[in-house]
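> One structure is given below, represented as structure tokens, and several questions about it will come after.
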Amino acid sequence: HLSRRMRKSCRRLPLCRRTGAAPVLLLSLLLLLDLIVGLRIPSEHDDQQQRRSSRVSATAATSARNGGVFAHTFILAEAHSHEGVVDAVIRSAPHGSVRVRRRADHVLPSGRILECTDAGRDFLVQRSALGELHIVPDGVVRALLPIGGRAPRRRRRRLAGLPPWGLDRLDGVIDNTPYEPSLRGIGVHIFVIDSGLHETHVEFAGRVGEGADFTSDFEEPVALHATPTYDRARGGHGTHCAGSAAGATVGVAPGATIHPVKVLDDFGLGSFSRMLAGMDWVAQRVEERPEYRPAVVSMSVGGSYGAAGPLLDAAVAALHGAGITVVVAAGNTGEDVCTGDGKLSPGSAPHAITVGAMSADDSVPTWSGFGACVDIWAPGVAVRSALPCTTASNYSVCTTSELLESTDAYGEQDGTSMSAPHVAGIAAQVFERYPDFTPDQVRAKLRAIAMLSPALGSVAEPNNYVAQVLNEPAPPPPPPPPCTHEIIVSITPDEYAPEDTAWALFDANGTLLYAGSWSGGSVCVNGGGNHSFVIFDRFGDGLTEGDGGYSVVRASSDGTPAIQLASGANFSTSEETHFYLEPASPPPPSPPPSPPPPPSLPPSPPPSMPPSPPPSPPPPPVLEDIVVASIELNGAVADWEQPYSTAFSAAAASTLGVPDARVMVTSVQDASIRVRFRVEQRAGEYNGTASIRERLARPADVSELLGAIETATGLQSVPGSLNVVPSTPTPTPEPSDSVGDDGNDGSSGAGNGDGDGGDGAKGDGGSTPAGDTAATASTAMIVGTVGGAVGGVVVIATALILAWRLSSRTLSPCCSCCTKRTKMGRQ
């Protein structure tokens with residue numbers, strides 16, 4: 001239509017009549033092409049993401065239709081009140097209908113990942129209805145990359161030697177200064193549960209530990225070794241996340257050790273069962289190998305909460321209980337990931353540190369998850385980090401040849417997947433400075449050093465904090481262990497590219513000890529045991545061209561000759577050699593001390609000394625005051641003694657800060673009870689700043705005492721019923737009084753004491769107007785050797801003193817104790 005209109009209009013122009021319609025048609029075609037391209041360019045990334053999302057959904061649906069890992073896989077765990085039933089239920093299932101693929105009992109109670117037929121599924125569902133166990137179908141999880149348009153970017157001028165903007169922001173503000181952390185995460189182990197790791201990347205040289213692959217159908221995980229061929233996920237998701245956490249130049253903690261745990265396939269897809277298996281493996285390895293502590297788990301994967309969400313929450317709680325800090329991404333749905341239909345797992349797990357995404361101006365992109373469970377915010381837009389190959393920046397799958405040749409690829413990606421590794425790296429810094437911290441203490445430290453940023457907006461409330469690195473001095477490094485064996489690697493490259501050659505040294509557990517290039521090197525190995533040396537050639541022809549070859553030698557030490565451990569040249573892509581190193585020999589025992597020379601003269605015997613008398617017992621605490629008070633409580637009580645009396649005494653003693661508060665008298669009415677109690681204030685047993693009597697005169701302390709008594713007894717106190725008996729000076733004991741003990745029983749106001757004088761005479765204690773007194777005094781001990789006459793005189797004198805003191809004291813009336821006091825007076 002445009003061409004016809006232009007051709008019709010052009011006929012009026014002399015130029016068109018002379019040149020014909022060809023230029024008009026060409027111009028029309030160019031205009032149409034420009035229009036198409038102009039509409040296409042702004043939405044190119046949107047369409048790419050839409051196609052990627054469609055492929056992911058189609059892959060999951062195809063896997064389910066074909067009976068793959070998502071179709072007949074179930075997660076089984078015991079209910080809390082039923083133990084030991086899972087294995088019994090599996091054994092009782094129809095034959096061949098249930099197969100245990102993996103165990104996950106380190107993070108779930110008797111957790112099992114099962115593969116079931118339809119009959120097995122129906123059987124387990126029936127048993128789960130009895131409440132004995134939990135069974136949930138497996139679900140899909142994926143790498144948390146943004147689905148939809150990219151967030152607005154503020155392009156940053158890239159200068160040579162400067163870190164990514166995320167690292168620049170985490171140390172305060174973006175000021176184009178190098179990232180030089182005081183804490184590097186040395187000694188901390190970060191387990192990246194993701195799509196694997198490109199181990200030969202220069203960002204991770206020498207710091208890759210033991211890993212595992214759970215994307216196969218084997219019942220046991222496949223161990224991951226130093227090979228560049230297993231992180232094929234679109235965008236190199238696992239490699240990018242590991243780089244942000246602990247890369248040498250792009251990571252927050254460039255000294256931490258990385259452990260890749262592969263649970264996502266080449267499309268960035270996984271399952272809840274694979275995540276549980278990976279988390280269970282982490283818990284098992286950290287439990288078996290204490291050198292893997294302190295440990296941090298970084299997970300930038302997730303899926304809808306669904307039926308498997310509670311089990312994943314329980315697995316995160318198990319890691320948290322084992323002392324492992326778990327950091328997860330908040331997701332990229334642009335919804336509240338903590339509640340409702342947008343709830344994400346494990347992003348909503350209570351024991352995980354959930355991280356949201358922010359851009360360079362501290363704004364929250366529209367696709368970032370949010371909610372009350374999001375603990376902190378970190379860079380997640382245009383984050384530059386390591387990639388397994390250059391084509392991964394376009395969310396493409398790396399080919400084998402690209403993986404073999406690539407060691408220094410980088411790219412930018414968006415998503416909360418990029419935010420969580422930043423916080424995992426800060427957690428590693430905290431652990432380096434405080435290795436004995438618990439996960440809760442790490443969370444509190446992250447919040448304490450974070451920066452409050454109003455620019456995050458209301459969507460980030462109530463936790464609108466931007467993560468910040470820990471700028472504290474590093475602890476002094478431990479002294480290096482002695483070098484048991486020095487391993488010298490010598491490589492003579494062939495006539496072609498020497499950079500094709502690389503090598504690595506592993507211990508018996510598959511842990512990478514050192515990785516090097518064609519130039520060789522010297523390695524210090526501490527300890528002994530089985531080891532393996534692997535040499536790689538990317539071209540695939542070994543070192544056969546020319547005079548190439550390699551040699552591995554254990555250097556001589558302590559008089560031990562040098563030993564050649566491996567050598568060769570004729571291999572293709574790689575060659576592995578196993579050898580054994582002797583453990584370090586223990587130091588020789590020190591010679592026994594020489595015996596002392598015999599004395600020339602026998603030593604003179606020491607002078608005889610009389611035996612020292614036994615130590616005297618410590619004096620009893622000094623009685624400072626006796627406080628007697630009463631209180632009235634409302635309530636009908638059938639039996640006061642149990643449990644009301646005990647609860648009353650304990651509450652009063654605890655509140656007043658004394659060892660004991662004795663209940664003296666109770667007067668029980670129909671709907672109330674009057675309680676009289678007694679408290680002794682003794683020096684050394686009472687640490688209050690004010691005396692007990694002063695405290696009972698303060699309304700605040702009285703209210704605290706009444707509240708404690710009401711809580712302990714369940715009875716309501718009558719307002720204003722607390723009455724304190726006025727104090728009476730405590731008599732000072734006389735040194736010449738007879739033998740006696742306090743003996744007061746706290747209810748009668750009188751007591752008796754037993755003394756040992758001569759042949760065992762007894763003395764009676766007196767009574768004070770306050771209802772209590774100490775025994776009269778102690779008499780001198782008269783043993784039988786003095787004679788009966790002296791003993792008799794002492795007994796008579798003691799009786800006369802007691803009679804005089806009893807007759808000289810006035811007995812104060814006490815309604816509840818009159819009978820006993822009168823009887824004591826007569827005696």
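The values are calculated or read from the model by the stated rules, or taken from the named source; none is laboratory data. Note that the structure is a prediction, hence the values are computed from the model and not measured. Here the Cβ is made from the backbone with ideal geometry for all residues, glycine too, and neighbour counts use every protein chain on show. Surface accessibility is based on the protein's heavy atoms, side chains included, excluding ligands, DNA and RNA. Shrake-Rupley method; radii C 1.70, N 1.55, O 1.52, S 1.80 Å.
> Please go through the stretch 400-436 and pick out each residue that is open to solvent by 10 Å² or more (accessible area, probe 1.4 Å), part of a loop (DSSP other than H, G, I, E, B) and either in contact (Cβ under 8 Å) with a residue 60 or more places away in the chain or closer than 22 Å to residue 267 by Cβ (or both).
406, 407, 408, 435
> Considering each residue of the stretch 485-518, count those that are over 19 Å from residue 205 (Cβ atoms), over 33 Å from the mean Cα position of the chain (by Cα) and of a type in the set (S, T, N, Q), and give that number.
Residues in the stretch 485-518 being over 19 Å from residue 205 (Cβ atoms), over 33 Å from the mean Cα position of the chain (by Cα) and of a type in the set (S, T, N, Q): 2 in total.
> To continue, here is another question. Please tell me if residue 448 is under 21 Å from the mean Cα position of the chain (by Cα) and of a type in the set (A, V, I, L, M).
yes
> Please name all residue pairs, on different chains or six or more residues apart, with Cβ atoms under 9 Å, provided the first residue is in the stretch 663-679 and is at pLDDT 75 or above and the second residue is of a type in the set (Val, Ile, Thr) and outside any strand (DSSP E or B).
Qualifying pairs under 9 Å: 672/718; 673/637; 675/709; 676/725; 679/658; 679/692.
> Also, I was wondering about something else. With the structure loaded, tell me whether residue 315 is within 15 Å of residue 371 (Cβ to Cβ), crowded, with 19+ Cβ neighbours inside 10 Å, among the hydrophobic types (A, V, I, L, M, F, W, C) and within 21 Å of the chain's Cα centre (by Cα) or whether it fails that test. Walk me through how you get there before you give the answer.
On the way: within 15 Å of residue 371 (Cβ to Cβ): no; crowded, with 19+ Cβ neighbours inside 10 Å: yes; among the hydrophobic types (A, V, I, L, M, F, W, C): yes; within 21 Å of the chain's Cα centre (by Cα): yes.
It is false that residue 315 is within 15 Å of residue 371 (Cβ to Cβ), crowded, with 19+ Cβ neighbours inside 10 Å, among the hydrophobic types (A, V, I, L, M, F, W, C) and within 21 Å of the chain's Cα centre (by Cα).
> Quick one: what pairs do we get from the stretch 196-213, first residue closer than 18 Å to residue 264 by Cα, second in a loop (DSSP other than H, G, I, E, B) and among the acidic types (Asp, Glu), C-beta under 6 Å, 6+ apart or different chains?
Note: pairs meeting the criteria are 196/231; 197/231; 198/231.
> Which of the numbered conditions does residue 521 fail, given that it passes all the others? Conditions: (1) crowded, with 19+ Cβ neighbours inside 10 Å; (2) more than 32 Å from the chain's Cα centre (by Cα); (3) closer than 19 Å to residue 537 by Cα.
Against the list (1) crowded, with 19+ Cβ neighbours inside 10 Å; (2) more than 32 Å from the chain's Cα centre (by Cα); (3) closer than 19 Å to residue 537 by Cα, residue 521 comes up short only on (1).
Yes or no, residue by residue, for (1) on the phi > 0 side of the Ramachandran plot; (2) in contact with a strand residue (DSSP E or B) (Cβ under 7 Å, 6 or more places away or on another chain); (3) modelled with pLDDT of 95 or more:
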site	(1), (2), (3)
395	yes, no, no
398	no, no, no
401	no, no, no
412	no, yes, no
420	no, yes, yes
427	no, yes, yes
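> Identify, by number, the condition in (1) among the hydrophobic types (A, V, I, L, M, F, W, C); (2) at pLDDT 85 or above; (3) within 43 Å of the chain's Cα centre (by Cα) that residue 563 doesn't meet.
It fails just one condition, (3).
> Now for a different question. Here are 97, 81: which of them is polar (S, T, N, Q), at pLDDT 85 or above and more than 24 Å from residue 344 (Cα to Cα)? Talk me through it step by step, then tell me what you get.
Working: 81 fails: at pLDDT 85 or above.
Answer to the check: 97.
> Go through (1) part of a strand (DSSP E or B); (2) buried (at least 19 other Cβ atoms within 10 Å of the Cβ) and name the single condition residue 543 misses.
(1) is the only condition that residue 543 fails.
> Within the stretch 330-343, is even one residue within 20 Å of the chain's Cα centre (by Cα) and assigned to a strand (DSSP E or B)? Quick ask: steps written out before the conclusion?
Step one: filter the stretch 330-343 for residues within 20 Å of the chain's Cα centre (by Cα), giving 330.
Among the residues that remain, those that are also assigned to a strand (DSSP E or B) are: none.
Checked against the condition, which is being within 20 Å of the chain's Cα centre (by Cα) and assigned to a strand (DSSP E or B), the stretch 330-343 yields no hits at all.
> Can I ask one more? Name the residues in the stretch 170-206 that are open to solvent by less than 10 Å² (accessible area, probe 1.4 Å), within 22 Å of residue 143 (Cβ to Cβ) and out of contact with any Pro (no Cβ under 6 Å at 6 or more places or on another chain), would you?
Within the stretch 170-206, 190, 191, 193, 194, 195, 201, 203, 204 qualify.
> Taking residue 113 as the residue in question, decide whether it is open to solvent by less than 10 Å² (accessible area, probe 1.4 Å), modelled with pLDDT of 85 or more and more than 23 Å from residue 241 (Cβ to Cβ). Spell out how you get there, then give the answer.
Values: open to solvent by less than 10 Å² (accessible area, probe 1.4 Å): yes; modelled with pLDDT of 85 or more: yes; more than 23 Å from residue 241 (Cβ to Cβ): yes.
When the stated conditions are applied, residue 113 passes them.
> Moving on to the next point. Could you list, in sequence order, all residues of the stretch 437-462 that are crowded, with 19+ Cβ neighbours inside 10 Å and either of a type in the set (S, T, N, Q) or at pLDDT 90 or above (or both)?
Correct list: 439, 442, 443, 445, 446, 450.
> Go over the candidates 371, 321 one by one and state the one that is on the phi < 0 side of the Ramachandran plot, within 28 Å of the chain's Cα centre (by Cα) and not polar (S, T, N, Q).
Numbers: 371 fails: on the phi < 0 side of the Ramachandran plot.
The conditions single out 321.
> Confirm whether residue 397 is part of a strand (DSSP E or B) and not charged (D, E, K, R). Don't jump to the end; show me each part of the working.
On the way: part of a strand (DSSP E or B): no; not charged (D, E, K, R): yes.
Spelling it out, it is not the case that residue 397 is part of a strand (DSSP E or B) and not charged (D, E, K, R).
> Please give the strands (runs of 3 or more DSSP E) falling wholly within the stretch 228-310 in which 2 or more residues are touching a Phe, Trp or Tyr at 6+ places or on another chain (Cβ under 6 Å).
In the stretch 228-310, 257-262 are the strands (runs of 3 or more DSSP E) which contain 2 or more residues that are touching a Phe, Trp or Tyr at 6+ places or on another chain (Cβ under 6 Å).
Conditions (1) touching a residue at least 40 places away in the same chain (Cβ under 8 Å); (2) more than 17 Å from the chain's Cα centre (by Cα); (3) open to solvent by 10 Å² or more (accessible area, probe 1.4 Å), marked per residue:
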{"position": "269", "(1), (2), (3)": "yes, yes, no"}
{"position": "276", "(1), (2), (3)": "yes, yes, no"}
{"position": "279", "(1), (2), (3)": "yes, no, no"}
{"position": "282", "(1), (2), (3)": "yes, no, no"}
{"position": "287", "(1), (2), (3)": "yes, no, yes"}
{"position": "290", "(1), (2), (3)": "no, no, yes"}
{"position": "294", "(1), (2), (3)": "yes, no, yes"}
{"position": "299", "(1), (2), (3)": "yes, no, no"}
{"position": "306", "(1), (2), (3)": "yes, yes, yes"}
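> Is it the case that some residue within the stretch 572-584 is open to solvent by 100 Å² or more (accessible area, probe 1.4 Å), in a loop (DSSP other than H, G, I, E, B) and modelled with pLDDT under 80? Working first, answer last.
Keep residues of the stretch 572-584 that are open to solvent by 100 Å² or more (accessible area, probe 1.4 Å), which gives 576, 578, 580, 582.
Now restrict to residues that are in a loop (DSSP other than H, G, I, E, B): 582.
Narrowing further to those that are modelled with pLDDT under 80: none.
No: the stretch 572-584 contains no residue that is open to solvent by 100 Å² or more (accessible area, probe 1.4 Å), in a loop (DSSP other than H, G, I, E, B) and modelled with pLDDT under 80.
> Whether any residue in the stretch 63-70 is of a type in the set (D, E, K, R), surrounded by 15 or more Cβ atoms within 10 Å (Cβ to Cβ), modelled with pLDDT under 50 and over 28 Å from residue 316 (Cβ atoms) is what I want to check. Reasoning before the result, please.
Here is the first cut: in the stretch 63-70, the ones of a type in the set (D, E, K, R) are 65.
If we keep only those that are surrounded by 15 or more Cβ atoms within 10 Å (Cβ to Cβ) as well, we get none.
Taking every residue of the stretch 63-70 in turn, none turns out to be of a type in the set (D, E, K, R), surrounded by 15 or more Cβ atoms within 10 Å (Cβ to Cβ), modelled with pLDDT under 50 and over 28 Å from residue 316 (Cβ atoms).
> Give the residues of the stretch 439-493 that are in a loop (DSSP other than H, G, I, E, B) and of a type in the set (A, V, I, L, M, F, W, C), sorted by residue number.
Narrowing the stretch 439-493 to residues in a loop (DSSP other than H, G, I, E, B): 450, 453, 457, 461-464, 467-484, 493.
The answer is 450, 467, 469, 470, 474, 483.
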